[in-house]
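**Student:** Please read through the structure below; I'll follow up with questions.
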Amino acid sequence: MKIKKSPVHAVGSKSVFKASKMATKAMSLPKTLVLLRKLNQKHGMDCPGCAWPDPDKRSKLGEFCENGVKAVAEEATDRKIGAEFFHKHSVKDLLDRSDYWLGQQGRLQQPMIIENGDEYYQPISWDRAFTLIADQLNALPSPDEAIFYTSGRTSNEAAFLYQLFVRMFGTNNLPDCSNMCHESSGVALKETLGIGKGSVTLEDLYKAEVILIFGQNPATNHPRMLTALEKAKAHGAKIISINPLKEVGLVKFKNPQKVKGWVGSSTNISDLYLQVRINEDVALLKSILIKLFDLEETQGGIFDTDFIRNKTDGFEEFKKDLLSNNLNDLIKRTGLAENEIDKAVQLLKDKNKIIACWAMGLTQHVNAVDNIREVVNLLLLKGSIGKPGAGTCPVRGHSNVQGDRTVGISERPGKDLLDKLATNFGFDPPTKHGYSVVEAIQAMYDNKAGVFFAMGGNFLSASPDTHYTTQALKNCTLTVHVSTKLNRSHLVHGKTGIILPCLGRTDRIIKNGKIQFVTVENSMGIVHSSQGMIQNKADLLPEPEIVARIAHQTLKESKLDWIYLTDDYNRIRDLIEENIPGFNDYNSRINSGGFELPNGARNGVFKTASDKAIFTINKLPDYEIKENEYLLTTIRSHDQFNTTIYGLDDRYRGVFDGREVIFMNGEDLKREKLKAGDRVDISSHYNDTTRTIHSYTVVPYDLPSKCLAMYFPEANVLVPLDLHARESLTPSSKSVIVKISKSKD
Ligand SMILES: Nc1nc2c(c(=O)[nH]1)N[C@H]1C(S)=C(S)[C@@H](COP(=O)(O)OP(=O)(O)OC[C@H]3O[C@@H](n4cnc5c(=O)[nH]c(N)nc54)[C@H](O)[C@@H]3O)O[C@H]1N2
Ligand SMILES: Nc1nc2c(c(=O)[nH]1)N[C@H]1C(S)=C(S)[C@@H](COP(=O)(O)OP(=O)(O)OC[C@H]3O[C@@H](n4cnc5c(=O)[nH]c(N)nc54)[C@H](O)[C@@H]3O)O[C@H]1N2
Ligand code: SF4
Ligand SMILES: [Mo]
């Protein structure tokens, strides 16, 4: 492994070079060109990477980023793993391989099964697999003993059919990756603004005066956001980044879609960079708010008093609570100097077109919902919501995670959805809440659930508490994964384990000789089509068809003709139109280029109980970090998509050819008598259980004292299952108290 200095800017020509190298290593040149020409173009193929929206005017140089190309190459790779591969490698052998190695082996080719204590996966026919799954589901004492997970790449069409099947089967056990991701945003925004999604569009970013970026690393995770930020800056926006780690991409950016980005200078992204301590965002926000209240008192005109009076509830209680805090104590918690906070106050005080962007740095803490509600408090004081250039921007992860939720994937469905399904399909949908991810793991561990079915994703590696989750999955009688690529979840199976290989975003779907497209919703609520380009000759099925055939086989009494529906995806979209608000004229509007879903908060309409936006009183984290303890956050490297490892470099952070690292502040290193390259063991201790991982290489990094960072998913072993956000149950994978000690080897 090599540790180098971080580069001075992100992206630029190097990223184009890296992307081309990665693509041509995995695929032939003609295939690469076919795919990239259509990537993110109108009526083209939606990027299987993140959920960042496409601009109206698409760049002629290609509307994608380095990591989009990696996502495409990972899926459309020419490498294949069929029966022979599984004959050669036992599950035990595969378990010893790294996630990177597993992913590199290629695309799954045919359905596989492992049962009766076998050590090897064997081929199984689709028909037999569907019969077996249906039989096992129908043999359960209660439908609530089955769990149906969804990851966020699933299309609207597949997701709608899936939730319909699961509810007809009789349960709301529909946990999804969102539970581990932006659930905290959904909970906080629904409560305060009446909609669990962000309010801004790309156009708003270009009109904003100030953009706050909390807990997000766009150069890696939403690279085209940097292009939007560059444009926002050209239009006069000031950018404040709030992040414990100095992330290169938030400092300087070279746009590869402009000649200047290849040969010229870079754009400074952040006007102010606040390296707050891990999980002290509430303390920082409260400090800023108290200072703004001070200015409002002394000079006036800081807050939008009309907006507060006419459009909000709870102001007086909020103000009383806020001002009861001791400002100096708050500032001390943040780890920042007071003059840095004053700079933020100066940038914000006279502005009312403010956008707050955030991602996992805010959502994955015990007090995650408080974090986001406190962000909303700031926007409400400034009247910065429901008007151009202002509002909320939770930046979503998976390319259709937002769409899956919109069309009904939820363990806590609203009454409106259930009533619609009851009326339109003539059955009694279950009303009892289902399990979220954390609750599902607990239920399997406690033998309260016996069948685990995953529509995509890598449940084991993505979930917290890896060893505990391993046991939970092993307790099942049946585990089924609909997947494109081999991953660790396939290797930790129930008594019977099945892999159902599916077509992905890059593959062409043809039904009865007609090409089908699917639809997705991006992070800003725009729905559009996606059509794959590759004619995949392996024995794969599209996700909607897998759902339909399992439903057909399981629900013998169902009057719905599931197979007819998947013969033409327009029919599925017609059903979505009938059942989900905002999809009127779905097929015709999709054909004419896509549409924006209704969004109350975007227009200043707040669908809360009082029809007003709500000020809230939010808690500071209430743990104490002792002398010999640290707070650990878990992050993504530049060469991964969640649990899919594209490569072993994290070039913006100067780490090459290795992932088993721990980022540490220089002062802490000195105090611990450690130096760069030393190896340490890391342990977390919660509720009488100690979890430890061994031999991670120390990398000095620019982050605050007492804060540590490691890569996910390796660090998930350290995240206790019961350490999760209070209201949203999102695992607290961005703040885990740990101890470190020098490794003995
Ligand atoms: N290439 C690539 N793209 C991706 C993904 C990927 O893995 N690879 N994953 C996709 C998914 S599903 C998601 S959800 C998104 C994730 O996108 P991000 O949220 O950007 O991903 P993380 O690496 O988890 O980064 C979180 C950021 O929060 C900061 N942070 C950590 N703790 C704190 C804290 O306490 N406070 C503050 N203010 N900041 C903190 C970290 O330093 C880091 O910069 O990206 C999506 N896009
Ligand atoms: N410690 C820690 N843990 C975390 C996080 C963190 O920041 N820190 N982040 C959390 C977040 S934000 C998320 S979203 C979750 C991610 O959790 P998941 O969504 O469960 O995980 P992924 O790694 O995205 O899933 C990758 C797998 O999806 C399958 N796949 C890919 N494309 C398709 C497709 O088109 N169809 C189907 N059926 N399968 C497909 C492939 O087989 C691949 O192996 O992880 C969470 N876990
Ligand atoms: S920003 Fe996200 S959606 Fe756009 S090309 Fe990159 S990975 Fe794909
Ligand atoms: Mo995510």
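The values are calculated or read from the model by the stated rules, or taken from the named source; none is laboratory data. In this text, all values refer to a predicted model and were calculated from it rather than measured experimentally. For neighbour counting, all protein chains shown are included, and Cβ atoms are generated from backbone atoms with ideal geometry for every residue, glycine included. Just the protein is used for accessible areas: all its heavy atoms, side chains included, with ligands, DNA and RNA removed. Shrake-Rupley method; radii C 1.70, N 1.55, O 1.52, S 1.80 Å.
**Student:** Could you work out the relative contact order of region 183-394? I mean the mean sequence separation of Cα pairs under 8 Å and 6+ apart, divided by the number of residues, in percent. Could the numbers behind the result be given before it?
**Tutor:** Details: 360 pairs, mean separation 68.0, N = 212.
The normalised contact order for region 183-394 reaches 32 percent.
**Student:** Let me ask something else. Relative contact order of region 300-409: what whole-number percent is it, with Cα pairs under 8 angstrom and at least 6 residues apart?
**Tutor:** Values: 76 pairs, mean separation 36.1, N = 110.
So the answer I get is 33 percent.
**Student:** Rounded to two decimals, what is the ratio between the C-alpha radius of gyration of the chain and 2.2 N^0.38 Å?
**Tutor:** Numbers: Rg = 24.8 Å, N = 745, 2.2 N^0.38 = 27.2 Å.
Here the answer is 0.91, to two decimals.
**Student:** Share of Cα-Cα pairs in region 362-431 beyond 15 Å, in percent?
**Tutor:** Details: 1697 of 2415 pairs.
Counting every Cα pair in region 362-431, those more than 15 Å apart make up 70 percent.
**Student:** In the P(r) worked out for region 91-190, what percent of Cα pairs fall beyond 19 Å?
**Tutor:** Values: 3192 of 4950 pairs.
It works out to 64 percent of all Cα pairs.
**Student:** With a sphere of radius 10 Å drawn around the Cβ of LYS197, what net charge do the other residues whose Cβ falls strictly inside it have (Lys, Arg +1; Asp, Glu -1)? Don't skip to the end; give the middle numbers.
**Tutor:** Numbers: positive: LYS190, ARG396, ARG405, ARG602; negative: GLU521.
Every neighbour counted, the sum reads +3.
**Student:** Follow-up. Give me the one-decimal nm value for the distance between modelled label points at ARG79 and ASP350, 7 Å along each residue's Cα-to-Cβ direction.
**Tutor:** Result: 5.7 nm between the two label points.
**Student:** Additional query: Let me spell out the model: positive unit charges on the Cβ of Lys and Arg, negative unit charges on the Cβ of Asp and Glu, origin at the Cα centre of region 535-578. What dipole size does that give, in debye rounded to 20? Present the calculation step by step, with values, prior to reporting the outcome.
**Tutor:** Working: 6 positive and 10 negative charges, 35 e Å.
Result for region 535-578 is approximately 160 debye, rounded to the nearest 20.
**Student:** Helix 29-38 against the longest principal axis of the chain: what's the angle in degrees, Cα atoms only, rounded to the nearest 10?
**Tutor:** 60 degrees
**Student:** In square angstrom, rounded to the nearest 10, how much accessible surface does MET225 have for a 1.4 Å probe?
**Tutor:** MET225 exposes around 0 Å² with every protein chain in place.
**Student:** Could you give the dipole magnitude of the chain about its Cα centre, charging the beta-carbon of Lys and Arg +1 and that of Asp and Glu -1, in debye to the nearest 20?
**Tutor:** Details: 95 positive and 90 negative charges, 519 e Å.
So the dipole magnitude of the chain works out to roughly 2500 debye.
**Student:** Turning to a different aspect of this structure: Principal axes first, then extents: for the Cα atoms of region 137-182, list largest minus smallest coordinate on each axis, whole Å, largest first.
**Tutor:** 32, 23, 12
**Student:** Quick check: from the Cα gyration tensor, does region 424-502 come out rounded (a/c under 1.5), prolate or oblate? Write out the running numbers ahead of the final one.
**Tutor:** Details: a/c = 1.88, a/b = 1.30, b/c = 1.45.
It is oblate, given that a/c is not under 1.5 and a/b is not larger than b/c.
**Student:** Work out, step by step, the length gained on full extension between TYR120 and ARG412: first 0.36 nm times the residue separation, then minus their alpha carbon distance; give nm to one decimal.
**Tutor:** Working: separation 292, 0.36 × 292 = 105.12 nm, distance 3.77 nm.
Taking TYR120 through ARG412 to full extension adds about 101.4 nm, to one decimal.
**Student:** Tell me the angle of helix 156-169 to the major Cα principal axis of the chain, expressed in degrees between 0 and 90 and rounded to the nearest ten.
**Tutor:** It is inclined by approximately 70 degrees.
**Student:** Compare the peptides 198-206, 396-404, 627-635 by average per-residue count of other Cβ atoms within 10 angstrom and give them in order, highest first. If you can, show how the numbers build up before the last one.
**Tutor:** Working: 198-206: 22.0, 396-404: 27.9, 627-635: 19.4.
Highest-to-lowest ranking by the protection proxy: 396-404, 198-206, 627-635.
**Student:** May I ask you to derive the relative contact order of the chain, considering only C-alpha pairs under 8 Å and at least 6 residues apart, and to give it as an integer percent?
**Tutor:** Details: 1665 pairs, mean separation 160.4, N = 745.
Once divided by the residue count of the chain, the mean separation gives 22 percent.
**Student:** Same structure, new question: Which FRET efficiency value, to the nearest 0.05, is calculated for LYS474 and ASP93 with the Förster distance at 22 angstrom and r the Cβ-Cβ distance?
**Tutor:** Values: r = 18 Å, r/R0 = 0.82.
After rounding, the FRET efficiency stands at 0.75.
**Student:** Let me ask another. Expressed as a whole percent, how much of the Cα-Cα distance distribution for region 30-139 exceeds 16 Å? All intermediate terms of the calculation are to be shown ahead of the outcome.
**Tutor:** On the way: 4197 of 5995 pairs.
Result: 70 percent of Cα pairs exceed 16 Å.
**Student:** Same structure again: Kindly identify region 161-312 as rounded, prolate or oblate by the Cα gyration tensor criterion: order the square roots of the eigenvalues as a ≥ b ≥ c, call it rounded if a/c is under 1.5, otherwise compare a/b with b/c, prolate if a/b is larger, else oblate. Please report the intermediate quantities before stating the final value.
**Tutor:** Working: a/c = 1.92, a/b = 1.17, b/c = 1.64.
It is oblate, given that a/c is not under 1.5 and a/b is not larger than b/c.
**Student:** Any idea which of GLY314, GLY194, ALA19 is furthest toward the positive side of the dipole for the chain, if Lys and Arg beta-carbons carry +1 and Asp and Glu beta-carbons -1?
**Tutor:** Most positive-ward Cα: ALA19.
**Student:** Okay, next question. Normalized C-alpha radius of gyration of region 484-624, against 2.2 N^0.38 Å? Kindly include the intermediate steps, with their values, before the conclusion.
**Tutor:** Working: Rg = 20.6 Å, N = 141, 2.2 N^0.38 = 14.4 Å.
Output field value: 1.43.
**Student:** On to the next question. For the chain, which cysteines have no disulfide-compatible partner, meaning no other cysteine Cβ under 4.7 Å?
**Tutor:** Cys with no partner Cβ under 4.7 Å: CYS47, CYS50, CYS65, CYS177, CYS181, CYS476, CYS502, CYS707.
**Student:** Still on this structure, I have one more. For LYS238, enumerate residues with amide H under 5 Å from its amide H, sequence gap 5+ or separate chain, H modeled in the peptide plane.
**Tutor:** Result for LYS238 returns VAL210, ILE211.
**Student:** Here's a follow-up. What does the extension gain come out to for GLU660 and LYS231, with contour length at 0.36 nm per residue minus their alpha carbon separation? Each step should come with its number before you reach the end.
**Tutor:** Working: separation 429, 0.36 × 429 = 154.44 nm, distance 3.66 nm.
Separation in residues times 0.36 nm, less the Cα-Cα distance, equals 150.8 nm.
**Student:** Using the Cα atoms as the points, what is the convex hull volume per residue of region 630-742 in Å³? Write out the running numbers ahead of the final one.
**Tutor:** Values: hull volume 11.8 nm³, N = 113.
So the per-residue hull volume is 104 Å³.
**Student:** Under the 0.36 nm per residue contour assumption, what length would be gained going from the current alpha-carbon distance of ASN424 and ASN447 to full extension? Walk me through the intermediate numbers first.
**Tutor:** Values: separation 23, 0.36 × 23 = 8.28 nm, distance 3.48 nm.
Fully extending the segment from ASN424 to ASN447 adds 4.8 nm.
**Student:** Using a 7 Å offset from the Cα along the Cα-to-Cβ direction at both GLU557 and ASP539, what is the distance between the two label points in nm, to one decimal?
**Tutor:** Roughly 3.4 nm, to one decimal.
**Student:** Now for a different question. Between helix 338-349 and the chain, what is the angle of the helix's C-alpha long axis to the longest principal axis, kept within 0 to 90° and rounded to the nearest 10?
**Tutor:** So the inclination is approximately 80 degrees.
**Student:** When the Cα centres of region 9-57 and region 472-534 are compared, how far apart do they sit, in Å?
**Tutor:** Value for the Cα centre distance between the two parts: 21 Å.
**Student:** Give the accessible area for LYS343 in Å² (nearest 10); use a 1.4 Å probe, count only protein heavy atoms, and leave out ligands, DNA and RNA.
**Tutor:** It works out to around 110 Å².
**Student:** Is there a quick way to get the dipole size of region 312-356? I mean about its Cα centre, with the Cβ of Lys and Arg at +1 and of Asp and Glu at -1; what is the value in debye to the nearest 20? Before the final figure, lay out the partial values.
**Tutor:** Working: 8 positive and 9 negative charges, 40 e Å.
Taking the Cα centre of region 312-356 as origin, the dipole is about 200 debye.
**Student:** Something else now. Using +1 at the C-beta of Lys and Arg and -1 at the C-beta of Asp and Glu, which of ILE331, PRO621, PHE459 has the Cα lying farthest in the positive direction of the dipole of the chain?
**Tutor:** ILE331
**Student:** Turning to a different aspect of this structure: So, in nm, how far is label ASN584 from label TYR100 when the simple model puts each one 7 Å beyond its Cα toward the Cβ?
**Tutor:** 5.3 nm
**Student:** Give the average over all directions of the projected area of the C-alpha convex hull of region 2-76, one decimal, in nm².
**Tutor:** Details: hull surface 24.7 nm².
The orientation-averaged projected area of the Cα hull of region 2-76 comes to 6.2 nm².
**Student:** Further, regarding this structure: Can you bin region 259-409 into rounded, prolate or oblate? Criterion: square roots of the alpha carbon gyration tensor eigenvalues sorted a ≥ b ≥ c, rounded for a/c under 1.5, prolate for a/b above b/c, oblate for the rest. List each step's numbers first, then the result.
**Tutor:** Working: a/c = 1.44, a/b = 1.21, b/c = 1.19.
Rounded shape, in that the Cα axes give a/c under 1.5.
**Student:** Summing -39500 (n - 2.57) over the DSSP H runs of n ≥ 4 in the chain and dividing by its residue number, what mean residue ellipticity at 222 nm do you reach, to the nearest 500 deg cm²/dmol?
**Tutor:** On the way: 31 runs with 272 residues, N = 745.
Mean residue ellipticity at 222 nm (helix-derived): -10000 deg cm²/dmol.
**Student:** With r defined as the distance between the Cβ atoms of LYS626 and ASN512 and R0 fixed at 60 Å, what FRET efficiency is calculated, to the nearest 0.05? All intermediate terms of the calculation are to be shown ahead of the outcome.
**Tutor:** On the way: r = 66 Å, r/R0 = 1.10.
That gives a FRET efficiency of 0.35.
**Student:** I would also like to ask the following. For VAL605, project a label point 7 Å along Cα to C-beta. Then give me every residue of region 551-593 with its amide nitrogen under 16 Å of that point.
**Tutor:** 581-584
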